[in-house]
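K.L.:
Can you read through this structure? Questions will come right after.
The values are calculated or read from the model by the stated rules, or taken from the named source; none is laboratory data. Note that the structure is a prediction, hence the values are computed from the model and not measured. Note that each Cβ is placed from the backbone with ideal geometry, even for glycine, and that neighbours are counted across all protein chains shown. Quick note on the areas: whole protein, heavy atoms, side chains included, nothing else; ligands and nucleic acids left out. Shrake-Rupley method; radii C 1.70, N 1.55, O 1.52, S 1.80 Å.
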Amino acid sequence: MLLKASDTDLDIAERLLEEMANTTKFSAFLEAWQNYLYRIVRTCEVTRKKLQKLKGFQQWYKPYKRLINKDPLLVYIKQARNAETHSITGTLDKSFKVIISDKIGRPFQLDKVNIEVRDGTLVIDIETLDHFLSYDTKVLPSDVRLVRIVNRGKKFNPPSRHLGNEAGEMHPVVAGKMCLDFYRAMIADARAALLINQVPTSTP
């Protein structure tokens, strides 16, 4: 099958998205995301190389090429693969919020707060004139999000549009699923438009 490798990459990419959706560990999420990027971008590249010598390819591929080079989501995914592969910059962020309160609910004033992670431990330094302050802290983790990529001086913001439609802030899994659907549809269209893997009907 001419596009067997592309189908395999898409199936693996889909399984990686499922792993990302189900894991609670950022390290596992990041590993699956990096592997997903490799598979999904390779799908596009391999498909083009496998089909480029077929009759009618250039006419069929022209609108897809335009989308791949212009669509905010498709461009971002490709640049994310480049960034993760070449260690240019990270593509994901998982921040957290810290809530500081008095244990019995009294109001107080903070003059200075410094929050940092030292050797894997969250350290909170507080400066206040309230010597009777007995404070409590809560750490609220946020969800994973896409971040701006900088590659060769060019900035690529997290996508908020795809195929001309406004999508708002996309979770990485949502962005990945949209990209996966695009390439599945492209390959299905290639099979139909370029008559790939179709067996000629024998004449009596």
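K.L.:
Mind checking whether some residue in the range 50-71 is under 12 Å from the mean Cα position of the chain (by Cα), touching a residue at least 40 places away in the same chain (Cβ under 8 Å) and in a helix (DSSP H, G or I)?
P.N.:
No, that holds for no residue.
K.L.:
Using the structure shown, decide if ARG148 is touching a strand residue (DSSP E or B) at 6+ places or on another chain (Cβ under 7 Å) and modelled with pLDDT of 90 or more.
P.N.:
When the stated conditions are applied, ARG148 passes them.
K.L.:
Right, another one. Write out, first by first residue and then by second, each pair whose Cβ atoms fall under 8 Å of each other, whose residues are 6+ apart or on separate chains, and whose first residue, in the range 170-194, is assigned to a helix (DSSP H, G or I) while the second is open to solvent by less than 30 Å² (accessible area, probe 1.4 Å) and of a type in the set (Gly, Ala, Ser).
P.N.:
Filtered contacts from the range 170-194: GLY176/ALA13; LEU180/ALA13; TYR183/SER6; ILE187/SER6.
K.L.:
Scan the range 24-76 residue by residue and report those that are more than 18 Å from LEU92 (Cα to Cα) and polar (S, T, N, Q).
P.N.:
THR43, THR47, GLN52, GLN58, GLN59, ASN69
K.L.:
For ASN197, work out the one condition from (1) at pLDDT below 70; (2) farther than 30 Å from PHE57 by Cβ it doesn't fulfil.
P.N.:
Checking ASN197 against (1) at pLDDT below 70; (2) farther than 30 Å from PHE57 by Cβ, the one that fails is (2).
K.L.:
Could you give every pair whose Cβ atoms fall below 8 Å, whose first residue belongs to the range 37-49 and is in the same structural domain as GLU19 (by the TED database) and within 13 Å of ASP7 (Cα to Cα), and whose second residue is open to solvent by less than 40 Å² (accessible area, probe 1.4 Å) and hydroxyl-bearing (Ser, Thr, Tyr), counting only separations of at least 6 or pairs across chains?
P.N.:
ILE40/TYR183; THR43/SER6; THR43/TYR183; CYS44/TYR183; VAL46/SER6; THR47/SER6; THR47/TYR183
K.L.:
State the number of residues belonging to the range 6-24 that are open to solvent by 50 Å² or more (accessible area, probe 1.4 Å) and either outside any loop (DSSP other than H, G, I, E, B) or within 18 Å of ARG81 (Cα to Cα) (or both).
P.N.:
8
K.L.:
Of the residues PRO72, PRO63, only one is closer than 24 Å to ALA21 by Cβ and either modelled with pLDDT of 75 or more or exposed (fewer than 14 other Cβ atoms within 10 Å of the Cβ) (or both); which?
P.N.:
It is PRO72.
K.L.:
Does LYS49 meet the test of being loosely packed, with under 13 Cβ neighbours inside 10 Å and under 18 Å from PRO172 (Cα atoms)?
P.N.:
Criteria not met by LYS49.
K.L.:
Let me ask something else. Counting only residues that are at pLDDT 70 or above and part of a loop (DSSP other than H, G, I, E, B), which one in the range 131-145 is least open to solvent (accessible area, probe 1.4 Å)?
P.N.:
VAL144
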